[in-house]
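Here the structure comes first, spelled out in C-alpha cells, and everything after it is commentary.
The values are calculated or read from the model by the stated rules, or taken from the named source; none is laboratory data. Given the structure is predicted, the values throughout are model-derived calculations rather than measurements. Glycine also receives a Cβ, built like all others from the backbone with ideal geometry; neighbour counts cover every protein chain displayed.
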Amino acid sequence: MMRELREQIEQDLRVVYGSYPRFYYAGSYGKRTMIKASFDLDIVIYFPPTERRSLREIYNSVHRTLLMTGYKVNPKTVSLQLPYEGGFHIDVVPGRAQDYSYRYATLYKNGEDSTMQTSLKVHIETIRDSGTRPIIKLLKLWKVRHLLDCKTFALEQIAIRALKGYRKDDYSVCLTQIFEFIRDNVLNIRIVDPANSNNIIEVPRETRFLLHQAAINSLNANYWSSVVW
C-alpha cells in the first residue's frame, strides 16, 4: 500500500512539474528501519540545481499543488505532511539539488524563512555503514512501548554514537549500552545531522528528561518483555 501511495503522489506531482524533478525514498523506508508498530514514509522531491525559484517558492509551490490535487496537508519545518487513516502519514520534502550528483540538497525551513543543507543519501549510508539497522528497529519499538515523543532521527544518531567501537551482534548488550549512554548523556548531549554538522537535531528539554527516565527504568527492568516487546 505504501508503494502505491508513493507512486500516486509522485504521479500527481509530475502532472505539474514534469519529468525533471527527482524523487527518492527517505526516512525509515529508505533506511530500511521501518517497523509495523510505527511507520511512515518520506518522499523527497529534488528540483535540479538550475531551478531558478527560491527555496520558499519551491516549498509553497509543492504545497499548493498537493492541496489542489486533493490532499490534506500539514506544513512542517522542512516537509509537507499528508495524514492518512490508521495513524500513519507521508512526508513530502521539497528541495533543490546542489549539483547534478543530487547527493546534497538545500531545503526550505518553513516558519523560520531560512534554508539548510543536508543529504538523504548520507543519512541512509550512515545507518547502513554503522551496522545498527536491526538495533534501531528495536529502539523504535522501545520508543513506541514507552510512549516517547522523540524524533527517530535523533534516536538513530544516539544509537550510533553509543555503539561506536562496540560489536553489534548481541542485541541485548547493544540495547543496554544505548540505555546507559542515554542515562549518562541525553540531558546535555548535542545531536547533529551527520550530513552537516551545522544542523542541530533539536530535542526538547522535557523529551530529554523522559528519555533519561525511560532509560533508567529499562536498565532496572527484570525482563526484556517489559522493555521492548
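Within region 176-211, can you find the residues that are among the aliphatic types (A, V, I, L, M) and under 22 Å from His123 (Cβ atoms)? Of everything in region 176-211, those that are among the aliphatic types (A, V, I, L, M) and under 22 Å from His123 (Cβ atoms) turn out to be Ile178, Ile182, Val186, Ile189, Ile191, Val192, Ala195, Ile200, Ile201, Val203, Leu211.
Examine region 156-167 for a residue that is surrounded by 13 or more Cβ atoms within 10 Å (Cβ to Cβ), in contact with a strand residue (DSSP E or B) (Cβ under 9 Å, 6 or more places away or on another chain), not assigned by TED's automatic domain parsing to the domain that holds Lys36 and not aliphatic (A, V, I, L, M), and state whether such a residue exists. Scanning region 156-167 turns up at least one residue that is surrounded by 13 or more Cβ atoms within 10 Å (Cβ to Cβ), in contact with a strand residue (DSSP E or B) (Cβ under 9 Å, 6 or more places away or on another chain), not assigned by TED's automatic domain parsing to the domain that holds Lys36 and not aliphatic (A, V, I, L, M). Determine if region 26-40 includes at least one residue that is at positive phi, surrounded by 15 or more Cβ atoms within 10 Å (Cβ to Cβ), touching a strand residue (DSSP E or B) at 6+ places or on another chain (Cβ under 9 Å) and not aliphatic (A, V, I, L, M). Yes, the conditions are met somewhere in region 26-40. Just a yes or no: is a residue in region 184-195 out of contact with any Phe, Trp or Tyr (no Cβ under 9 Å at 6 or more places or on another chain) and within 19 Å of Thr132 (Cα to Cα)? Looking through region 184-195, at least one residue is out of contact with any Phe, Trp or Tyr (no Cβ under 9 Å at 6 or more places or on another chain) and within 19 Å of Thr132 (Cα to Cα). Can you pull out every residue in region 21-62 that is assigned to a loop (DSSP other than H, G, I, E, B) and not charged (D, E, K, R)? Once the filter is applied, which keeps residues that are assigned to a loop (DSSP other than H, G, I, E, B) and not charged (D, E, K, R), region 21-62 yields Pro21, Thr33, Met34, Ala37, Phe39, Pro48, Pro49, Thr50, Ser54. If you go through region 186-211, how many residues are surrounded by 17 or more Cβ atoms within 10 Å (Cβ to Cβ) and of a type outside the set (A, V, I, L, M, F, W, C)? Qualifying residue count for the region: 3. For region 43-73, the set of residues classified as closer than 20 Å to Thr118 by Cα and either among the polar types (S, T, N, Q) or touching a residue at least 60 places away in the same chain (Cβ under 8 Å) (or both) consists of Val44, Thr50, Ser54, Leu55, Asn60, listed by residue number. Within region 127-134, does at least one residue satisfy the condition of being aliphatic (A, V, I, L, M), loosely packed, with under 14 Cβ neighbours inside 10 Å and under 16 Å from the mean Cα position of the chain (by Cα)? No: region 127-134 contains no residue that is aliphatic (A, V, I, L, M), loosely packed, with under 14 Cβ neighbours inside 10 Å and under 16 Å from the mean Cα position of the chain (by Cα).
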